[in-house]
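Take a look at the structure below.
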Amino acid sequence: MNPEQLRFTDTHEWVHLETTAEGKTIATVGLTDHAVEQLNDLVYIQLPEVGQQVRRGESFGEVESVKAVSDLYSPVDGEVVEVNQKLTEDLDPLSQDPYGAGWLIKVQVNDPSQVEQLMDHQAYQKMCEEGM
Amino acid sequence: MTYQQNTPEDRQAMLQTIGAASIEELFAQVPAPLRLNRPLNLPEPQGEMELAAHMAQLAGRNQAMDRWVCFLGAGSYDHFVPAVVDYIAGRGEFYTSYTPYQPEVSQGNLQTFFEYQTMITQLTGMDVSNASLYDGGSAAAEAVLMSFTATGRSHRVVVSRGVHPEYRRILHTYLENLETEVVELACPDGTTDPEEAAQALREPSACLLVQQPNFFGSLEEMEQLAQVAHEHGSLLVVVVDPISLGLLKRPGQYGADIVVAEGQSLGSPMSFGGPYLGVMACREEFLRRLPGRIAGQTVDRRGRRCWVLTLQTREQHIRREKATSNICTNQGLLAIRAAVYLSLLGPQGLWEQAELCLQKAHYAARRITEHDRFRVRFDRPFFKEFVVQDRQGRVAQVLDYAWQQGIAAGVPLGRWFPELEDCFLVAVTEKRTREQIDRLAQVLHQAP
Amino acid sequence: MRNHRATQLVFELSRPGRRGVRWPECDVPREEPQRLVPQRHLASAPPPLPELTEPDVVRHYVNLSTQNMSVDTHTYPLGSCTMKYNPKRNDAWASLPGFAQVHPYQPEPSIQGLLQLLYELQEYLAEIGGLDAVSLQPAAGAQGELTALLMAAAWFRDRQKELGPRTKVLIPDSAHGTNPASAAMAGFQAVTVRSNARGLVDLEDLQAKLDDQVAVFMITNPNTLGLFEPQIKQIADLVHQRGGLLYLDGANMNAILGITRPGDFGADMMHFNPHKTFSGPHGAGGPGAGPIAVRRELAPYLPVPVVVRDAEGRYRLDYDRPQSIGQVRSFFGNVGVLIRAYAYIRTHGPEGLRRVSEDAVLNANYLLALVKHFLPVPFGDRCMHEFVATAQKLRQERGISAMDLAKRLLDFGFHAPTVYFPITVRESMMIEPTETESKESLDALAQVLFRITEEAPELLHEAPHSTWISRPDEVRAARNPVLKWTPQENG
């Protein structure tokens, strides 16, 4: 996925929306390359199960490095419809391709307008630079 | 100033470097009104020689089990400790080191913990072990807390009254401020009734907590208890006696999910209750919920095999309020003692030790009950401990009489079990000789 | 001399048929085990433990021990852990059969010497803490915290009418991780209070968070930066005005023995760490002990038993305390550790304990004065018993981290300070020399530290160089946990 077309939370998740043939809105959620870099050497990830409800701004999982734990926060309200199970076996896709093979979960979104309130790529970049 | 190094000249030179006029000045941060303006009200200091006499005098006023013959058990046992255990654990490099935060200069501790963990899994038949908790009782409480997060059912637990009464009390204390119902199962016949357990587990519960052999020394029907726990989606948490596992089925064989134990039996003195060793092992799937330190194997930058503290994100120093437990300082030295003890025993040694306990306990039960004043209270198989009933109901007098004859004959049970007011618990380890057991029986038979 | 061949695991040394313990023949009439215990309870074979002789076991573990640094062998300035000299006499006394061979359920008249010792230790700790009543039961500082918080919960339950429900525990951001973890275990919500630019509790933030739901404010004083909170009395007053209780994490008592007392500066409850302050040993990670002291009003909630003395001077264990929270650990507590604490206090007396703190504070300030020129200490020129330096500047300018410095120190025969704690300081190094180090060893430590900061970064990144292993791969250990030896994996 091209990061420039994504939206971002201030907790370093990205989200991408698409509409299915049945007209449902599905959000793909991942962690930004900036966050992955900050956490360096990821060792473990805990993801929700399909069917679980997530809420915007609330934790849906955790990612761990050797000496740090970070919550993963959902950018949207909705129901988890798919989980990137491969990551629980091997975290390399998340480290190497956080915007592609390293996606985390897909959520069927209740209110797509929630995404519009999030940062665009430029604003996110700016936030990261200021935070350094 | 017994152990300090600074001479008056040192102090002067150091203050000069600091740029302070006096030591007093260094405490300027402590506001004057908060200062203690008198000496602490404590006894005056004593040198090694005087204090040695005082300590010997205090110790001498205790009638310890080096002079009394010990048939006391109930969670603390007079097992034999080979001299090697004290020798190794007394090595200053173990004794005066701390938590292995720097693995390069802590391989001794880390490798020993790794070996300890392995031996605990060999002993229990479980997948993984931590590097120790405080004691058997708080380990049982930690195991129950673990079952909450593992099952998502924190509102209810089912506990057998065959679990050590102090362990149950600890559990109640730990859970007092949480909204958890603790349901206790009576053990009227000396063991937990699997049907009663099934009944209690009908309402969703995090775990079934039982002890094997239980507090009365009796053997529980573990396969059945495991089955009913699992049928109801609850975990089976078991408190075991490590020595019994030389002979008895291992918890991994009958389906336990979390196993805890009092590890004092593994090479540590009774020491009036501590320091002891909290043993904890579990199935692989609960690994990330395990409290306490864990040593793990890896390689260093040159590819050499070595060991580190691992999975630290479970712990309080990283996860803080979301940690699996608040434990920090553990019982490392006692874990080292256990590792040395088990390496000395080996499979054959542990098997024989367990069998000696079994044989001697049964011999003691036969001898004691030769007098019809006494009977073994529960008609259940037992390992090294059993409940004796005094049909004349004078337990205090009997035990006191035996004590006067130099025999610590048993632990009275009325304190925890009013219905067993006329009973006491007798433990027989490999250390007890036939002569001592005969003497115990004789003294009990003569008791007023 | 260290034996580099000795890196095998005990399991790899095992040979079938070897053994280290030989039991006597069974001297009672033997029955077949399955006649005593039904077959269904019996294992088919004993556990697969390693098989070694006594000489094997001794050589193996003695060689392992030589791979550790320890207080007996090295300067060990591990901040927050108070790695002071462990007096050998205390170990000898704790091992006397009259203490070590006592069963926890012996009758009270048979253990009067031990009960006297424990009773007197309760009194000493109350006096040192400036509080009224003591429980010796908790097994470590963290369990002391939990115990006190459970007592606070019970205290507030009994006063719910006047004080309302109390669900929160406030904790400074510089606190030990045990504080929030204990709060959560006791069923409270842990709320973080910020530190200000001087490393002290931010009073504004405290006031903002101090509402009618706060049960306890847990404070470490001196705090983890080695600073005494000069406004501790105001803090205590604020907490008390809101009906809350003040808990003191006593990890840093080594700085203030006989100088000031937690009870006098407003604490209602506290724990001691006898393995730190009263010279424990630390035993490869424990045992410690975590006795707690509390104000009179809280005494009824202490765990049972408490040692009491009756009018005739007899000592007994008091279990009859209806408001007690119960028990947090089986039996009495970590008695072996408590005996050593007793001996330590008796060895020093009132003046001696004060001198312990004076020299601990002097040594820390001296070391601070020696290192601050090349290793900045962000929170000032003075400290109590420890201080926190930062390698942030070195990191930015030369890519040298606190971890690099820590690892390189090992090459020079010093244990590393605590690094990356407290979490409020970047690249932190928490240094606690203790009072039992000499001026010469502090001079040497400072010299080595300085020399290291001048070394080439590449050299430091790969340090230590003199140890058998260097920079273990912790990522690998955590990603694919190998937590026990198995014949297959280790061949």
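Read-outs: derived from the displayed coordinates by stated rules, not from any lab. As the structure is a prediction and not an experimental result, all values here were calculated from the model. Here the Cβ is made from the backbone with ideal geometry for all residues, glycine too, and neighbour counts use every protein chain on show.
Brief remarks follow.
- Within segment A:8-60, GluC sites (Glu not before Pro) in DSSP loop having at most 12 other beta-carbon neighbours inside 10 Å: A:Glu22, A:Glu49, A:Glu58
- Proximal lysine pairs, chain B, alpha carbons under 28 Å, eight or more residues apart or interchain: 6
- Sequence-separation-based contact order of chain C, relative, with Cα cut under 8 Å and 6+ spacing, percent: 18
- Every pair of different Cα atoms in segment B:99-196 enters the Kirkwood calculation, which places the hydrodynamic radius at 15.9 Å.
- The spread of Cα positions in segment C:355-476, taken along each principal axis and listed from longest to shortest, comes to 45, 29, 27 Å.
- Per-residue Cβ neighbour counts within 10 Å put B:Thr2, B:Thr310 in the sequence B:Thr2, B:Thr310, beginning with the fewest.
- Tail beyond 28 Å, pair distance distribution of segment B:84-341 (Cα, percent): 31
- Compactness of chain B was expressed as the Cα radius of gyration divided by 2.2 N^0.38 Å, which yields 1.13.
- For GluC sites (Glu not before Pro), the sites in segment C:381-455 that DSSP calls loop and that have at most 14 other Cβ atoms within 10 Å are C:Glu454.
- The local environment of C:Thr467, defined by Cβ-Cβ distances under 12 Å, has a net charge of +3 under the rule Lys, Arg +1 and Asp, Glu -1.
- Over chain B: helical MRE at 222 nm, DSSP H runs n ≥ 4 each giving -39500 (n - 2.57), nearest 500: -11500 deg cm²/dmol
- Percentage, to the nearest whole number, of Cα pairs in segment C:1-58 over 18 Å apart: 58
- When you filter the GluC sites (Glu not before Pro) in segment B:101-202 for DSSP loop state and at most 15 other Cβ atoms inside 10 Å of their Cβ, you are left with B:Glu179.
- Using the Karplus relation 6.51 cos²θ - 1.76 cosθ + 1.60 with θ = phi - 60°, the per-residue 3J(HN,Hα) values for segment B:354-364 come to 4, 5, 4, 4, 4, 5, 5, 4, 6, 4, 4 Hz, with x marking Gly and Pro.
- Here, segment C:1-114 yields an orientationally averaged convex hull projection of 14.0 nm² when only Cα atoms define the hull.
- Diffusion constant of segment B:1-119 at 10 °C, which comes from Stokes-Einstein with the Kirkwood Cα-pair radius and 1.306 mPa s, µm²/s: 76
- By the count of other C-beta atoms within 10 Å, a proxy for reagent exposure, B:Tyr341, A:Tyr73 are ordered fewest to most as A:Tyr73, B:Tyr341.
- On the principal axes of its alpha-carbon atoms, segment C:113-194 has extents of 44, 33, 21 Å, going from largest to smallest.
- Under-5 Å amide H pairs with C:Asp249, H placed in peptide plane, nonlocal only: C:Ile219, C:Thr220, C:Asn221
- Close amide-amide hydrogen proximity is noted between B:Trp307 and B:Thr298, each under 5 Å apart and 5 or more residues distant or on a separate chain (H modeled in the peptide plane; Pro and chain starts excluded).
- Considering only alpha-carbon pairs that sit under 8 angstrom and 6 or more positions apart, the relative contact order computed for segment C:355-476 is 29 percent.
- The charge dipole of segment A:79-132, taken about the Cα centre with unit charges on the Cβ atoms of Lys, Arg (+1) and Asp, Glu (-1), comes to about 20 debye, rounded to the nearest 20.
- Convex hull per residue volume in Å³, alpha carbons only, for segment B:373-415: 83
- For A:Lys106, a cut-off of 13 angstrom between C-alpha atoms picks up these aspartates and glutamates, skipping any fewer than 8 places away in its own chain: A:Glu13, A:Glu18, A:Glu49, A:Asp77, A:Glu79, A:Glu82.
- Cα-Cα P(r), segment C:247-287, percent of pairs per 10 Å interval: 29, 50, 19, 2
- From phi via Karplus (6.51, -1.76, 1.60), per-residue ³J(HN,Hα) for segment B:375-385 in Hz, x at Gly/Pro: 9, 6, 5, 10, 8, 9, x, 9, 9, 10, 9
- Segment C:91-347 pair-distance distribution - Cα-Cα, 5 Å bins, rounded %: 1, 6, 14, 18, 19, 16, 11, 7, 4, 2, 1, 0
- Based on Cα atoms of chain C, Rg over Rh with Rh as the Kirkwood radius reads 1.01.
- Placing +1 on the Cβ of every Lys and Arg and -1 on the Cβ of every Asp and Glu, with nothing else charged, gives segment C:264-387 a dipole about its Cα centre of roughly 240 debye.
- Kirkwood-based Rg to Rh ratio, the protein assembly as shown, C-alpha trace: 0.96
- Backbone phi angles across segment C:263-276, fed through the Karplus curve with coefficients 6.51, -1.76 and 1.60 (θ = phi - 60°), yield HN-Hα couplings of x, 6, 9, x, 6, 9, 8, 7, 10, 9, 10, x, 5, 9 Hz in residue order; Gly and Pro are listed as x.
- Largest-first principal axis extents of the Cα set of segment A:3-126 (Å): 40, 34, 23
- Helix B:48-60 axis, angle to chain B major axis (alpha carbon atoms, nearest 10°): 10
- Exposure proxy order (Cβ contacts within 10 Å, fewest to most) of B:Met14, C:Met1, B:Met270: C:Met1, B:Met14, B:Met270
- Near A:Leu72, the amide H atoms lying under 5 Å from its own belong to A:Phe60, A:Gly61, A:Glu62, A:Val63; only residues 5 or more places off or on other chains count, and H is placed 1.01 Å from N.
- DSSP beta bridges in segment A:3-126 [antiparallel fraction, %, rounded to 5]: 100
- Placing +1 on the Cβ of every Lys and Arg and -1 on the Cβ of every Asp and Glu, with no other charges, gives the protein assembly as shown a dipole of roughly 2220 debye about its Cα centre.
- Shielding by partners for peptide B:73-79, expressed as the average number of C-beta atoms from other protein chains within 10 Å of each residue's C-beta, is 3.
- Pairs of alpha carbons in segment A:26-73 whose separation is greater than 17 Å (percent): 34
- Between C:Leu248, B:Ala52, C:Asn221, the Cα set farthest toward the positive side of the dipole of the protein assembly as shown (charges on each charged residue's Cβ, about the Cα centre) is that of B:Ala52.
- Helix B:165-175 and the longest principal axis of the Cα set of chain B meet at an angle near 50°.
- Percent of beta bridges antiparallel (DSSP, chain B, rounded to nearest 5): 55
- Segment C:91-347: relative contact order as a whole-number percent, Cα under 8 Å and 6+ apart: 28
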